[in-house]
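The values are calculated or read from the model by the stated rules, or taken from the named source; none is laboratory data. This one's a predicted model, so the numbers in the text were calculated from it and none came from an experiment. Here the Cβ positions follow ideal geometry from the backbone for every residue, glycine too, while neighbour counts run over all protein chains shown. Ligands, DNA and RNA are excluded from the accessible area calculation, which covers all protein heavy atoms including side chains. Shrake-Rupley method; radii C 1.70, N 1.55, O 1.52, S 1.80 Å.
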Amino acid sequence: MHEYPQQSSGREPEPGRRPGRRRRAAWAGAGVGCALLLGGGGFAAWQNEWFSGNGEAVSFGSGSGSGSGSGSGAAAAVPAPSVSAPAPTPSGDPDVSMPSGPKSGFTQTTKLDDGTVIAKTRLAGAKSGFEGDVWVWAPKEYDDPKYAKSAFPVLIALPGGNGFPANYWSDRSLGLQKAIADGVQAGTSLPFIVIMPVLNPDNKYYYDGADIPGQPKMGTWIAEDVPDFTRANFRTYKSRDGWAFMGSSSGAFVGMKTVLQHPDRFKAVIASGGEIVPDSPLWKGHQAEMDANNPEKLAQRLIDTNGPEVYVNFQVGTKETGKDRMTKFVREYGKGPVKTTIRDIQNGEHNGWHYVRGMREGSLEWISKVLKGPKPEPAAG
């Protein structure tokens with residue numbers, strides 16, 4: 001049995017505000033496919049193993065391996081409730097929330113070497129009115145019978161660029177899920193459920209993960225619909241101690257902004273890439289609403305009201321710009337309830353591979369120490 005780290009008691013643009021600056025991260029999703037195709041001899045293994053079972057229906061928490069496939073089927077936008085055996089009754093921790101349903105229909109998109117899978121579904125957001133794709137991954141521990149009555153912490157992973165129509169963290173070649181699995185084995189990471197929604201409603205603009213007047217309510221989608229969907233399908237914690245974000249570039253901004261906006265719901269964020277303030281062109285004429293989505297103003301409000309403690313771990317590569325913005329934020333707002341740190345990624349650039357390396361080097365352990373992990377049932381006898 002592994003001992004997981006437990007909860008402790010304790011964008012702004014480049015100079016000149018280049019209109020397309022956030023799109024610099026969008027290459028990661030498309031570039032992944034090119035990199036794989038150029039992999040030479042590795043392509044056969046990728047084709048045979050990574051695609052094995054793709055398109056089949058997936059059931060999480062079935063007790064036969066996380067994300068076990070069972071036949072074929074398509075994900076539904078508004079899934080009907082399914083009839084199944086009663087869920088185990090949680091014991092011990094009153095913070096545990098069993099899946100509330102209705103269950104979504106998941107289809108496999110890729111398989112990892114440990115047998116776990118990444119799967120996709122279509123979510124019709126009841127509160128935002130937005131409908132979009134969501135990818136999910138659960139660690140193998142999720143199906144371990146000794147954790148059947150335990151909740152698992154949730155990490156909502158947000159991509160950079162426009163984050164539409166895909167979320168590049170759902171591509172196994174970036175290594176996010178493997179980094180978590182390896183960290184679990186090493187005792188340096190909690191076994192997170194990873195939720196990977198689309199970040200924006202289209203590729204036309206970037207929306208700052210916010211409810212911009214007259215636009216799709218992407219702030220409500222990220223902060224309410226996606227967590228509600230997660231609670232419907234997985235064993236989660238009721239309290240914020242089991243909820244966090246990670247993201248790169250524009251996704252880092254959205255994750256940090258959401259934690260600061262809703263410190264009663266989310267506790268921590270790993271924010272990579274130096275994005276600090278809202279700058280969507282769609283904010284024009286809506287200054288008050290933009291201010292309500294500005295991490296600097298949100299952090300100051302928490303300081304002034306001595307609000308709940310939140311934890312912000314910045315990551316930045318030594319070969320990219322943006323550290324000055326992080327340093328300024330830490331200097332001016334990293335006080336009182338706003339706990340901040342900056343991790344330098346040596347020779348790191350502005351891309352997902354290097355940000356995952358930073359997570360392996362310490363950020364996963366950092367976030368695991370401020371969140372709750374699953375508790376196994378005591379052995380009989």
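Observations
- Of all accessible heavy-atom area on segment 164-231, the percent that carbon and sulfur account for (1.4 Å): 50 percent
- Carbon/sulfur fraction of accessible area - segment 241-337, other protein chains in place, 1.4 Å, %: 50 percent
- Relative protection proxy for 284-296, 211-223, from highest mean packing down: 211-223, 284-296 (other beta-carbon atoms within 10 angstrom).
- Integer Hz, Karplus 6.51/-1.76/1.60 couplings in order for segment 318-325, x for Gly and Pro: 6, 9, 10, 8, x, 5, 4, 5
- Backbone N within segment 224-256 under 16 Å of label point (7 Å from Glu377 Cα along the Cβ vector): 235
- Potential lengthening of the chain between Thr327 and Asn203 amounts to 41.6 nm, from the contour at 0.36 nm per residue minus the alpha-carbon distance.
- Surface exposure of segment 280-381, expressed per residue as accessible area with a 1.4 Å probe, stands at 48 Å².
- Relative to the current alpha-carbon distance between Gln346 and Ser97, full extension at 0.36 nm per residue lengthens the span by 85.7 nm.
- Residue-count net charge about Thr110 - beta-carbon cut-off 9 Å; Lys, Arg +1, Asp, Glu -1: +1
- Dipole size of segment 268-374 about its Cα centre, with +1 on Lys/Arg Cβ and -1 on Asp/Glu Cβ: approximately 260 debye, rounded to the nearest 20.
- The H on the amide N of Val370, modeled in the peptide plane, is under 5 Å from the matching H of Ser8, each at least 5 residues off or on a different chain.
- Extension gain (nm, one decimal) between Glu309 and Asp264, 0.36 nm per residue minus Cα-Cα: 15.3 nm
- Here segment 97-205 is treated with +1 on each Lys and Arg Cβ and -1 on each Asp and Glu Cβ, and its dipole about the Cα centre works out to around 220 debye.
- Lysines whose Cα lies under 20 Å from that of Lys257, excluding same-chain neighbours fewer than 8 positions away: Lys127, Lys217, Lys267, Lys284, Lys297, Lys323, Lys328, Lys335, Lys339
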